[in-house]
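Inspection log for the structure reproduced underneath, given as structure tokens.
The values are calculated or read from the model by the stated rules, or taken from the named source; none is laboratory data. Values in this document were obtained by computation on a predicted structure and should not be read as measured data. Neighbour counts are summed over all protein chains in view; Cβ atoms, including those assigned to glycine, are modelled from backbone coordinates with ideal geometry. Just so you know, the surface numbers come from the protein's heavy atoms only, side chains and all, with ligands and any DNA or RNA stripped out. Shrake-Rupley method; radii C 1.70, N 1.55, O 1.52, S 1.80 Å.
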Amino acid sequence: MPTDSAIQHLYVHVPFCDGKCDYCGFYSVVAHDAARQAYAPLPGRELRAMLDKGTVSQTAAPRTLYIGGGTPGMLADHGLRRLVEGLREAVNLEDVEEWTVELNPATVTPALADTLAILGVNRVSLGAQCFDDDVLRSLGRRHDVKAIVRAMDVLTEAGFQNTGLDLIAGLPGLTTQGWRVSIERALALRVVHLSIYALSLEPDTVLARRVAGGESLPDDEAQLEALSQAETLLAGAGLVRYEISNYARPGWECRHNLACWRGEDYLGLGPAAASRADSRRWTNLADLAGYVGAVTADTAPPRDAETLDASTDATERFVFGLRLYEGVRPDIFAERWPAATSRVGEWHETLTRLGAQGLVEQASHGGWRLTARGRQVADAVMRELV
Ligand code: SF4
């Protein structure tokens with residue numbers, strides 16, 4: 001298998017939660033502490049095996065590291081230490097500029113926050129979802145509003161400045177007023193980053209079954225209204241919508257995610273984690289037992305993998321860039337990915353046409369990006385360029 005140029009962005013999936021939220025389509029399982037601790041060293045071992053076998057090259061140290069889930073806090077202090085030791089046995093983490101850990105408010109303790117700071121974590125993303133206890137409970141979340149506030153206090157006390165919250169727009173039962181309060185309370189916690197996702201109905205979830213049983217969800221119009229309300233409130237507070245679902249104070253954008261949207265390669269470790277390396281991409285299967293068995297035997301975990309032709313690969317990366325407020329310029333993009341050169345003229349024509357329809361616009365530096373109307377039909381706009 002060919003090796004790639006050095007991958008500078010690592011993602012580690014921690015596939016454990018203490019229950020299942022009704023809407024959640026991410027891969028996570030409820031497991032005993034012994035199983036969670038046994039998992040902790042394996043992402044590092046998966047990485048080491050890939051390097052030893054030449055599946056990927058890692059001539060440069062990673063610049064971003066993102067530990068997500070699931071609920072990474074379910075590994076507790078000792079498990080997180082073991083996870084990081086495992087990664088350090090495979091690669092040098094000294095040059096990581098941004099090191100994010102996703103946390104569930106209920107798992108944040110002073111000891112955990114101190115451990116994260118000592119390990120070198122410098123960014124925390126907290127899954128708040130909303131600030132309404134009844135709605136949180138009705139969605140099967142295992143935290144309440146008090147826990148969000150307490151978690152932020154603990155993180156601030158431990159010295160974390162780069163903190164963000166996730167909120168979900170269009171939650172059933174959350175009124176317009178409740179949504180406004182959620183955003184205002186998030187802002188009051190002085191986070192520098194907010195991710196605002198639209199609720200999506202994932203198959204095989206409790207919420208999907210509730211809907212099949214007759215429950216109705218806020219319609220598209222209500223969801224768009226909630227997203228637009230968020231944009232107005234956050235813009236007023238000085239947060240820039242630098243990507244379709246992400247807002248930050250200038251200078252506090254998530255570098256890991258920015259790198260992925262800018263088309264850079266990334267390596268995902270753990271079950272259900274996705275990777276992109278040159279024209280290859282693969283996703284480890286959402287199968288914890290299969291992952292543990294394979295990685296413990298120093299073999300590759302079960303995966304879905306494909307190799308794209310160079311033009312398709314470049315097109316995918318180009319289209320991703322449209323998600324960003326900074327936009328993407330076909331000619332500059334093709335300098336980085338020469339396989340896109342033959343498509344530059346065609347993309348320019350299509351973007352000009354979409355611009356006339358008010359779906360994209362050109363920033364002052366020439367980068368094309370989605371307009372507010374374009375964001376509402378982002379998938380359709382992107383399909384025009386594929
Ligand atoms: S805590 Fe996150 S990953 Fe776990 S079930 Fe809830 S939404 Fe899914």
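What distance in nm separates the two pseudo spin-label positions at Ala380 and Val29, each 7 Å out from Cα along the beta-carbon direction?
Distance between label points: 4.1 nm.
With all protein chains present, how much of the accessible area of segment 254-384 (probe radius 1.4 Å) comes from carbon and sulfur, to the nearest whole percent?
Looking at segment 254-384 in its full context, I get 51 percent from C and S.
Within segment 128-230, report the trypsin sites (Lys or Arg not before Pro) that DSSP leaves as loop and that have at most 14 other Cβ atoms within 10 Å.
Arg190
For segment 309-386, what log10 I(q)/I(0) values come out of the Debye formula at q = 0.27 1/Å, with one point per alpha carbon and no solvent?
-1.41
Please work out, to two decimal places, the log10 of the ratio I(q)/I(0) at q = 0.13, 0.17, 0.22 Å⁻¹ from a Debye calculation in which every Cα of segment 83-188 carries one identical scatterer.
-0.53, -0.79, -1.12
Starting from the 7 Å offset along Cα-to-Cβ, what nm value, one decimal, do you get for the label separation of Thr176 and Gln161?
3.9 nm
Please work out the FRET efficiency for the pair Asp331 and Glu202, using the Cβ-Cβ distance as r and a Förster radius of 30 Å; give the result to the nearest 0.05.
The formula returns an efficiency of 0.20 here.
Compute the whole-percent fraction of alpha carbon pairs in segment 147-191 spaced more than 15 Å apart.
Distances greater than 15 Å cover 46 percent of the Cα pairs.
Residue by residue through segment 161-166, what is 3J(HN,Hα) from phi via Karplus (6.51 cos²θ - 1.76 cosθ + 1.60, θ = phi - 60°)? Round to whole Hz and write x for glycine and proline.
Ordered by residue, 3J(HN,Hα) equals 9, 8, 10, x, 10, 9 Hz.
If amide H atoms are built 1.01 Å from N in the plane of the peptide, which residues on other chains or at least 5 residues away come under 5 Å of the amide H of Ala272?
Asn284, Leu285, Ala286, Asp287
Taking θ = phi - 60°, what integer Hz values does the Karplus form 6.51 cos²θ - 1.76 cosθ + 1.60 yield along segment 294-309, in sequence order, with x for Gly and Pro?
Residue by residue, segment 294-309 yields 5, 5, 4, 8, 6, 10, 5, x, x, 9, 9, 9, 8, 10, 8, 6 Hz.
Calculate, for the chain, the solvent-accessible area per residue in square angstrom, rolling a 1.4 angstrom probe over the heavy atoms of the protein chains.
Result: 43 Å² per residue.
Can you compute the modelled spin-label distance between Arg150 and Glu94, with each label point 7 Å from Cα toward Cβ, in nm?
Result for the modelled spin labels: 4.0 nm.
Can you compute the helix-only [θ] at 222 nm over the chain? Use -39500 (n - 2.57) per DSSP H run of at least 4 residues, normalise by all residues, nearest 500 deg cm²/dmol.
Mean residue ellipticity, 222 nm, calculated: -12500 deg cm²/dmol.
Quick one: Karplus J couplings for segment 134-150, per residue in order, coefficients 6.51, -1.76, 1.60, θ = phi - 60°, nearest Hz, x for Gly and Pro?
5, 5, 4, 5, 5, 9, x, 5, 9, 9, 10, 4, 4, 5, 5, 5, 5
Please report, in cubic angstrom per residue, the volume enclosed by the convex hull of the alpha-carbon atoms of segment 9-261.
Convex hull volume per residue, Cα atoms: 129 Å³.
Residues with amide H under 5 Å of Gln129's amide H, sequence separation 5 or more or different chain, H placed in the peptide plane at 1.01 Å from N; which?
Under 5 Å from the amide H of Gln129: Asp166, Leu167, Ile168.
Taking H placed 1.01 Å from N in the peptide plane, check which residues at least 5 places from Phe16 or on another chain put their amide H under 5 Å from its amide H.
Those qualifying (amide H under 5 Å, at least 5 residues apart or on another chain) are Val29, Thr71.
When only DSSP loop residues count, what GluC sites (Glu not before Pro) in segment 76-166 have their Cβ near at most 15 other Cβ atoms within 10 Å?
Loop-located and lightly packed - Glu94, Glu97.
Determine, from the Cβ-Cβ distance of Ala289 and Arg209 and an R0 of 25 Å, the FRET efficiency 1/(1 + (r/R0)^6), rounded to the nearest 0.05.
0.50
Give me Rg/Rg_expected for segment 128-238, where Rg uses Cα atoms only and Rg_expected = 2.2 N^0.38 Å with N residues.
Compared with the compact-globule rule of thumb, segment 128-238 sits at 1.11.
Net charge near Gly73, counting Lys/Arg +1 and Asp/Glu -1 over other residues with Cβ under 11 Å of its Cβ?
-2
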